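These notes concern the structure reproduced below.
The values are calculated or read from the model by the stated rules, or taken from the named source; none is laboratory data. What you see is a predicted model, and the numbers here were worked out from it, not measured in a lab. All Cβ positions, even for glycine, are placed from backbone atoms using ideal geometry, and neighbour counts span all protein chains on display. Each accessible area value is taken on the protein alone, full model and side chains, heavy atoms only, with ligands, DNA and RNA left out. Shrake-Rupley method; radii C 1.70, N 1.55, O 1.52, S 1.80 Å.
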Amino acid sequence: MEKKKFNMWNRIVAWAVFAVSAAVYLSTIEPTASFWDCGEFIASSYKLEVGHPPGNPVFQLFARFFSMWVDPAHAAVAVNAMNAILSALTVFFLYLTTVFFVRRLIKKEKYSVPECMAIFGSGAVGALVYCFSDTFWFSAVEGEVYAMSSLFTALVFWCMCKWYEEADEPHANRWIIFITFLMGLSIGVHLLNLLTIPAFVFMYYYRKNEDKTLSFKKLLGIFMIGVVIEFVLVYLFIPYLPKLAAFFDRIFVNGFGLPYNTGAAFFMVALLALCFWGLFRTLKKGSVLANTVLLGVTSLVIGFSLFSIVIIRSSVKTPTNEYQPDNAYTLVRYLSREQYGSTPLLYGQYYDAPYDLKVKKYWAPLNGKYVHVDAPAEADYLPEGKMFFPRMWSGQDQRYIDFYESYTKGKGTRVRGAQHRKPSFGANMLYFFDYQLNWMYWRYFMWNFAGRQNDIHSPTPGDIFYGNWESGIAFLDNFRLGDQSDAPASLSENKGKNHYYLLPLLLGIIGLLFQFNRDKRGSWIVFLMFFMTGIAIVLYLNQPPYQVRERDYAYAGSFYMFSLWTGLAVAAIYSKAVELLKGRNSMATAVAVTVLCLFVPALMGAENWDDHDRSHRYTSTEMARNYLNSVGENGILITHGDNDTFPLWYAQEIEGVRTDVRIVNTRSEERR
């Protein structure tokens with residue numbers, strides 16, 4: 001097949017996959033606000049208000065654009081429809097990315113029609129497996145940020161592939177600049193997109209050294225470059241750019257007597273002016289590398305600068321104005337999520353570590369000036385209560401301590417001033433592998449590629465009836481969970497009981513092995529993305545037990561990468577079948593393999609439809625109406641968590657229900 005014709009059919013199949021995904025998501029979206037953060041996000045987007053730290057101004061702008069054409073009664077469905085379209089685009093880019101990696105496995109200048117069928121089939125299977133996967137479908141039909149975050153990740157990864165294809169052509173670096181701009185924008189949605197950086201660094205080095213063998217030392221160096229860039233962005237660029245702006249603002253406010261934010265605005269204008277001067281200077285000198293790097297930094301700054309919207313909207317005192325970041329210094333604390341505290345990663349306290357209290361200083365606005373005031377007291381943990389790689393660290397709830405001690409068995413090192421012993425490193429790692437990795441990651445992974453027992457929340461492992469993965473293969477499930485054939489209808493007929501019989505998992509393993517065998521560099525890039533958007537997040541989050549909700553949404557990027565491998569299985573099976581048949585009936589083989597593998601996403605869609613179809617669900621807003629109507633005129637409702645607060649905000653701000661009622665959230669009061 002000629003290249004032009006191949007590209008035409010490739011685009012046709014890609015848009016067909018998009019159409020299927022969009023139709024599925026649009027027909028199953030929730031017609032109003034869902035539970036958790038959705039009510040807050042929709043309300044704050046529709047009126048461009050200020051949500052909880054660290055904010056998501058880019059999501060808000062897109063959601064505002066989609067909802068500005070409808071009346072308030074349809075604002076939620078407009079935002080949900082936006083997420084459905086963005087999710088379908090994510091599936092679209094997964095198809096294109098899968099085709100890119102398949103073509104690396106079937107290296108030819110010109111493909112036969114059967115080979116084209118196998119390539120297109122690979123892309124379609126991988127994309128549709130992800131389309132119908134449990135986690136991604138859940139996020140695709142509600143007003144959360146994770147659909148847009150997934151699109152940014154998919155788009156950046158696809159742009160990497162486009163740069164790889166065009167690296168030797170003029171102006172190929174435009175893809176690198178576009179990637180940096182997308183990363184800057186994505187900070188205003190969620191930080192998950194930045195996890196693509198190490199993979200991109202590898203892809204860059206691989207492309208520049210295609211004919212060279214890279215030593216382990218060189219590969220380790222490439223990985224460390226990616227880690228350093230990631231570190232600079234997350235721990236230097238994102239926190240310190242606003243801090244520099246705040247420093248200039250203090251000079252202008254305290255020194256020159258100007259209004260708040262004058263100095264911050266001057267700093268941003270001066271920084272961009274300096275960037276543009278540098279761009280013209282390097283262009284004039286012909287310094288290609290310096291110009292490209294500076295252009296990338298400028299694009300990153302421009303994308304990140306959209307956080308200025310948070311200050312602008314907070315300054316007009318919107319009804320929802322969480323943390324009130326109406327000045328540069330408060331924005332710094334808003335972005336750093338100070339109110340949520342910090343989590344130890346490589347070294348830190350265990351759950352009963354003794355501590356002293358320390359009080360830091362910070363700059364706060366007061367009477368037109370910035371004043372150095374005492375910050376809330378913080379725990380300063382003593383060295384004897386610290387350990388390497390602390391996983392059992394949170395002692396804020398007695399349930400946590402009891403759960404930790406189910407791993408320590410009361411053993412460990414005695415620490416002066418502590419009631420509970422410091423866990424041994426072995427007990428610490430047992431908790432890490434059993435709870436954080438197995439229960440809080442691999443269980444979710446198996447939900448998406450093996451099957452799910454039910455949709456009943458299970459915060460800790462050990463309960464054989466709630467929240468486990470379940471394949472539908474009787475002997476395997478019975479071995480793990482016992483014979484539950486006589487379970488009550490509430491369990492046996494639960495809509496969340498979805499069985500895939502391990503078929504997506506099997507396809508993914510076949511695709512992974514096939515890629516590793518034929519394209520080790522490509523398999524490493526995909527694996528690195530799989531790791532960085534999955535297990536690396538587990539390491540970073542360091543979650544304590546008894547999470548209030550399932551956290552599978554955080555690992556959607558990892559499931560995206562494994563879905564790519566399920567697509568590569570089509571090419572693997574086709575190649576093996578052609579080899580066995582010695583090239584006979586290759587067209588029939590390609591069609592048969594593609595159709596058989598498409599059965600897997602079809603099975604997933606059929607199993608998942610009933611519990612992912614929210615088209616008739618109004619629970620959240622109906623509950624909010626009932627709460628608000630339960631009090632008299634000008635009444636006060638005291639709430640505590642997300643699900644008894646955000647739906648009420650949505651009902652008041654968007655639907656105008658009982659706006660006379662005042663809502664007091666106890667958790668917000670605790671953080672004051």
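Direction-averaged projected area, Cα convex hull, segment 281-346: 7.4 nm², rounded to one decimal.
Residues in segment 431-436 carry Karplus couplings, in order, of 4, 4, 6, 7, 8, 5 Hz; the curve used is 6.51 cos²θ - 1.76 cosθ + 1.60 with θ = phi - 60°, and Gly or Pro positions show x. Mean residue ellipticity, 222 nm, helices only, the chain: the sum of -39500 (n - 2.57) across DSSP H runs of n ≥ 4, divided by residue count and rounded to 500, is -18500 deg cm²/dmol. In a fully extended conformation the segment linking HIS457 and LEU214 would gain 82.8 nm over its present Cα-Cα distance, using 0.36 nm per residue. Determine, at each q value in 0.06, 0.09, 0.10, 0.12 (inverse angstroms), the log₁₀ of I(q)/I(0) that the Debye formula gives when each Cα of the chain is one equal point scatterer. Reported log10 I(q)/I(0), two decimals: -0.38, -0.88, -1.09, -1.54. Within straight-line reach of LYS360, meaning a Cα separation under 16 Å, sit the following aspartates and glutamates at least 8 residues removed in sequence or on another chain: GLU338, ASP374, GLU378, ASP380. For THR135, the accessible area of its heavy atoms, probed at 1.4 Å with every protein chain present, is near 0 square angstrom.
Report the calculated FRET efficiency for ALA588 and ALA23 (r = Cβ-Cβ distance, R0 = 25 Å), to the nearest 0.05. Rounded to the nearest 0.05, the efficiency is 0.25. The label point for LEU283 and the one for ALA536, both projected 7 Å from the Cα toward the Cβ, are 3.3 nm apart. Using a simple spin-label model with pseudo-atoms 7 Å out from Cα toward Cβ, GLU169 and ASP610 lie 4.9 nm apart. Principal axis analysis of the Cα atoms in segment 462-607 yields extents of 54, 40, 25 Å, listed in decreasing size. Of all alpha-carbon pairs in segment 369-436, indicate the percentage at a distance above 14 angstrom. Taking all Cα-Cα pairs of segment 369-436, the fraction more than 14 Å apart is 64 percent. Using heavy atoms of the protein chains and a probe of 1.4 Å, the accessible area assigned to HIS52 is about 40 Å².
Summarise the long-distance tail of P(r) for segment 323-418 by giving the % of C-alpha pairs beyond 18 Å.
58 percent
Computed on the chain, with alpha-carbon pairs under 8 angstrom and 6+ residues apart, the relative contact order is 19 percent. Here each label is just a point 7 Å from Cα along the line to Cβ, and for LEU513 and HIS74 those points are 5.2 nm apart. Which loop-located GluC sites (Glu not before Pro) does segment 593-668 contain, where loop means any DSSP state but H, G, I, E or B and the Cβ has at most 16 other Cβ atoms within 10 Å? In loop regions of segment 593-668 (DSSP not H, G, I, E or B), the sparsely surrounded GluC sites (Glu not before Pro) are GLU633. With the whole protein complex present, CYS597 retains an accessible surface near 10 Å², based on a 1.4 Å probe. Full extension of the chain between SER406 and LEU596 gives 63.8 nm of extra length, using 0.36 nm per residue less the Cα-Cα distance. If the viscosity is 1.567 mPa s and the temperature 4 °C, what Stokes-Einstein diffusion coefficient in µm²/s follows for segment 100-222 when Rh is the Kirkwood radius over Cα pairs? The estimated diffusion coefficient comes to 77 µm²/s. Between the alpha-carbon centres of segment 75-93 and segment 391-407 there is a gap of 39 Å.
Express the relative contact order of segment 1-67 as a whole percentage, based on alpha carbon pairs under 8 Å and six or more residues apart in sequence.
The normalised contact order for segment 1-67 reaches 21 percent.
Length gained on full extension, ILE302 to GLN396, computed as 0.36 nm times the residue gap minus the Cα-Cα distance: 29.9 nm. Per-peptide packing, taken as the mean over residues of other Cβ atoms within 10 Å, places 281-288, 454-461, 422-429 in the sequence 422-429, 454-461, 281-288 from highest down. Pairs exceeding 21 Å between alpha-carbon atoms, taken from LYS108/LYS576; LYS243/LYS369; LYS208/LYS520; LYS108/LYS162; LYS361/LYS422; LYS218/LYS520: LYS361/LYS422.
Local charge for GLU622 was computed over the other residues whose Cβ lies under 13 Å away, with Lys and Arg +1 and Asp and Glu -1, and equals 0.
Computed from the C-beta positions of ILE229 and SER336, the FRET efficiency with R₀ = 30 Å rounds to 0.90. The dipole here belongs to the chain: it is taken about the Cα centre, uses +1 on the Cβ of Lys and Arg and -1 on the Cβ of Asp and Glu, and is about 2760 debye. Distance from the C-alpha centroid of segment 6-62 to that of segment 171-209: 22 Å, rounded to the whole angstrom.
With every protein chain in place and a 1.4 angstrom probe, the accessible-area ranking of TRP36, TRP175, largest first, reads TRP36, TRP175. Of the residues LYS520, LYS411, ranked by 1.4 Å probe accessible area with the largest first, the sequence reads LYS411, LYS520. Across segment 252-259, computed HN-Hα scalar couplings (Karplus, 6.51 cos²θ - 1.76 cosθ + 1.60, θ = phi - 60°) run 6, 7, 6, x, 9, x, 8, x Hz from first to last residue, x flagging Gly and Pro. Farthest toward the positive end of the dipole of segment 205-285, out of VAL232, PHE266, PHE248, is the Cα of VAL232, where the dipole comes from beta carbon charges about the Cα centre. The listed residues HIS372, HIS499, once ranked by accessible area (1.4 Å probe) with the largest placed first, stand as HIS372, HIS499. Dipole orientation for the chain: of the candidates ASN643, GLN324, LEU283, LEU283 has the Cα lying most toward the positive pole (charges on Cβ; Lys, Arg +1; Asp, Glu -1).
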